[in-house]
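First comes the structure, then the notes that go with it.
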Amino acid sequence: MCIRDSWNIVSQKMQFEVDPAVNFIRGTVEYGIVSKQTALKAVSFNMHQSLKTELIQFNATNANYSHLSDILTVQLPVQVGLNRYFTVRIAFGGKPVNDAFDGFFIDKHGNDSVPICFTLSEPYGSQYWFPAKMDLNDKVDTTAIAIVCPQQYTAVANGVKQSETISNNRKTTSFLHLYPIVYYNIGIAATNY
């Protein structure tokens, strides 16, 4: 069985730090995963080489990993049994790229040339701005997204806005999406909406 067919993502908690005027992203993604095999040893995600891994954890314990040819493979420190739930948390950062059609974009709009950042991931652009399991058969049931940006901007993402707080000139806006969603439909943006 293919390593990607041997596990399903059931939830994802994502936090992204962006500044529409700067081509850089820092983030964390925590995936809630259920094993579909009796002895799962590893999980893999698509993540472009422009993003660097800062930390990977399995159930809040550091885990070994490799990042080769845009594939991030996490070695699980213990074998996970059939239908068992576990979490993988990935902290990352870097200068995201795009392929001119999808990925992470920095631009300006309006007469005042206001900075804007936005993502377009359909169909293969997710890997350019976050580690994603690019599998059309694995739709995630619950997605929580938090975006941190300079306070003069408004951030948007999938789901219903849950909260907005300001601290140290940074605004954190949180969203909750409770419907199955495929990886390439996750999107964020920030500007002076």
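The values are calculated or read from the model by the stated rules, or taken from the named source; none is laboratory data. This structure is a prediction, so every number in the text was calculated from the model and none was measured. Cβ atoms come from the backbone with ideal geometry, glycine included; neighbour counts cover every protein chain shown. Keep in mind that these areas ignore ligands, DNA and RNA; they rest on the heavy atoms of the full protein, side chains included. Shrake-Rupley method; radii C 1.70, N 1.55, O 1.52, S 1.80 Å.
For the stretch 1-61, which strands (runs of 3 or more DSSP E) that fit wholly inside it have 1 or more residues that are closer than 16 Å to Thr73 by Cβ, open to solvent by 40 Å² or more (accessible area, probe 1.4 Å) and not aliphatic (A, V, I, L, M)?
Values: elements: 7-19, 22-35, 40-46, 51-58.
Passing ranges, in order: 40-46, 51-58.
Looking only at residues that are among the acidic types (Asp, Glu) and open to solvent by 10 Å² or more (accessible area, probe 1.4 Å) in the stretch 90-107, which one is modelled with the lowest pLDDT? Explain how you work it out, then say what you get.
So the first thing to find is which residues in the stretch 90-107 are among the acidic types (Asp, Glu), and the list is 99, 102, 107.
Pick out the ones that are also open to solvent by 10 Å² or more (accessible area, probe 1.4 Å) and you get 99, 107.
Values: Asp99: 80, Asp107: 94.
Selected residue: Asp99.
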> Within the set of pairs 6+ apart or on separate chains, which have a first residue in the stretch 66-89 that is among the small types (Gly, Ala, Ser) and at pLDDT 95 or above, a second that is surrounded by fewer than 19 Cβ atoms within 10 Å (Cβ to Cβ) and not in a loop (DSSP other than H, G, I, E, B), and C-beta atoms under 9 Å apart?
Replying inline: Ser66/Thr73; Ser66/Gln75
> Where residues in the stretch 117-176 are farther than 28 Å from Ser35 by Cβ, among the hydrophobic types (A, V, I, L, M, F, W, C) and open to solvent by 80 Å² or more (accessible area, probe 1.4 Å), which of them is modelled with the lowest pLDDT?
Replying inline: Leu120
